[in-house]
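What follows is calculated from the coordinates using simple rules that are stated; it is not laboratory data. Since the model is a prediction, treat every value here as computed from it, not as a measurement. When we count neighbours, we look across all protein chains shown, and the Cβ atoms used for this are built from the backbone with ideal geometry, even at glycine.
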Amino acid sequence: MRRFFYKHRLLSKCLVSLGLLSVFLLGRLIPLPLLDTNALLKSENAFLQASGLVTSGNLSQVGLFSLGLGPWMYAMILLRVFAAGRKRRQESEEKQSKRQYLVMIVIAVLQALTIALTIAPYLLSGYAVVLAVVVWIAILVAGAFVLAFLSQVNSRYGIGGMSLLMLASIVVSQFGLLSGLVESFEPRTLGYGVFSVIWLCLTIYMMVVFERAEYRIPMKRVSIHNDLVKETYLPIRVNPSNGMAIMYAYTFLALPQYLLSLFSFVLSPSLLERFSQFFATTSASGILIYGALILGLSYAFAFVNVDPTKIAREFRNSGDYIIGVRSGKETKAYVTRYVRFFGLFSGVVTSFFMVVPMFLALSDDALKPLASLVGMLMMTAGMMLMINEEILTMQLKKEYRSIF
């Protein structure tokens with residue numbers, strides 16, 4: 001049996017991912033204890049509604065995996081951004097993981113505390129509030145770490161890594177938006193429905209082109225001494241952030257919601273709701289902030305995924321060089337110029353495709369939920385392209401035959 005799965009690596013990885021997805025989907029159905037779920041579902045809590053609009057989720061159904069991969073993503077982004085381009089000594093993978101887990105647990109506790117305080121009014125009678133809050137925080141934090149563990153296991157033994165769990169979460173939680181798109185073809189909103197379909201097709205096409213297109217910088221590799229030397233180049237993707245900005249922009253936009261909820265005891269409900277709507281994608285200010293986040297994260301992740309300092313160092317050590325450019329600082333500056341340009345270019349284009357339908361939907365409350373459909377499909381398309389690329393890479397070894 002072991003020999004069979006070793007021979008069919010793709011099948012074994014698919015089975016592992018399927019098992020992890022089953023655990024993830026079942027865990028979403030586990031509710032928090034000591035909570036009056038019926039009363040919570042019937043409530044119109046401003047924080048839960050605003051956070052759901054920002055994150056394209058549904059926090060009114062609080063369960064084991066309500067924090068999702070948010071704390072893990074926050075920790076990963078913060079550590080990557082602060083470490084990008086910095087000169088520091090090599091650290092072991094274990095030490096880096098400990099630092100990321102430390103940041104993650106701080107963020108997870110803050111988010112869990114916010115949710116626990118928000119749902120405290122829906123505590124079942126006969127239980128102490130303090131005890132319930134502590135239990136809820138412990139369960140939510142544990143759920144976040146379970147999801148982080150599942151994503152790591154999937155990265156090592158499955159397909160898609162963290163993207164697969166996020167893709168499953170998006171499909172399950174936002175599948176209802178597709179029915180809303182169909183309903184938009186009624187006479188009153190027919191124009192927006194037609195525009196949405198055309199815009200979605202154009203957006204997905206743009207996403208695929210951006211993921212496949214690359215700018216090739218001619219270079220010389222001293223270790224190649226045949227005809228292939230004419231084809232050597234340094235590839236820089238037109239979208240060097242790999243679509244990560246869209247996914248993480250939603251996560252960062254939800255952060256103010258959690259912080260505002262922590263001050264719910266000193267802010268009046270009307271003031272809290274006003275501040276919450278300021279960061280929601282159903283308001284003009286929230287849309288502008290969301291577009292700015294996409295632009296900024298596209299620029300930041302461009303340098304995370306394509307590090308000019310690392311490239312210049314590798315060229316110097318190997319003897320390779322870009323034609324017409326001196327090694328060292330000049331190579332770093334040359335690569336930085338292109339990474340900066342494509343990071344800003346892809347950020348501007350992606351922001352434009354994301355915010356246009358959101359602004360058009362502001363004129364009708366019935367259309368506002370559809371505005372997030374573009375972002376959902378862009379994230380879905382990006383994740384599917386990443387998973388497809390991973391599968392194609394695994395299949396490459398089948399193209400080679402043994403010479404013995």
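The simple spin-label model puts a point 7 Å past each Cα toward its Cβ; for residue 263 and residue 214 those points are separated by 4.6 nm. Note on residue 310 and residue 37: their simple-model spin labels are 4.4 nm apart, each label 7 Å out from Cα toward Cβ. Taking 0.36 nm per residue of separation and subtracting the Cα-Cα distance, full extension of the segment from residue 135 to residue 274 would add 47.0 nm. Look at 332, 95, 310 and count the other Cβ atoms within 10 Å of each Cβ; fewest to most, that gives 95, 310, 332.
Using a 10 Å cut-off around each Cβ, can you sort 391, 204 from fewest to most neighbouring Cβ atoms? Each step should come with its number before you reach the end.
On the way: 391 14, 204 17.
The fewest-first ordering by Cβ neighbours comes to 391, 204.
Measuring r between the beta carbons of residue 364 and residue 14 and using R0 = 45 Å, the FRET efficiency lands at 0.60. Go ahead and run the numbers for FRET between residue 323 and residue 96, Cβ-Cβ distance against an R0 of 35 Å, rounding to 0.05. Calculated value: 0.45.
From least to most packed, judged by other beta carbons within 10 angstrom and beginning with the fewest, 241, 327, 283 follow the order 327, 283, 241.
Extension gain for the segment residue 231 to residue 388, taken as residue separation times 0.36 nm less the Cα-Cα distance, is 53.9 nm to one decimal.
Length gained on full extension, residue 396 to residue 109, computed as 0.36 nm times the residue gap minus the Cα-Cα distance: 99.0 nm.
Annotation for residue 238 and residue 197: the two label points, set 7 Å from Cα along the Cα-Cβ direction, are 2.6 nm apart.
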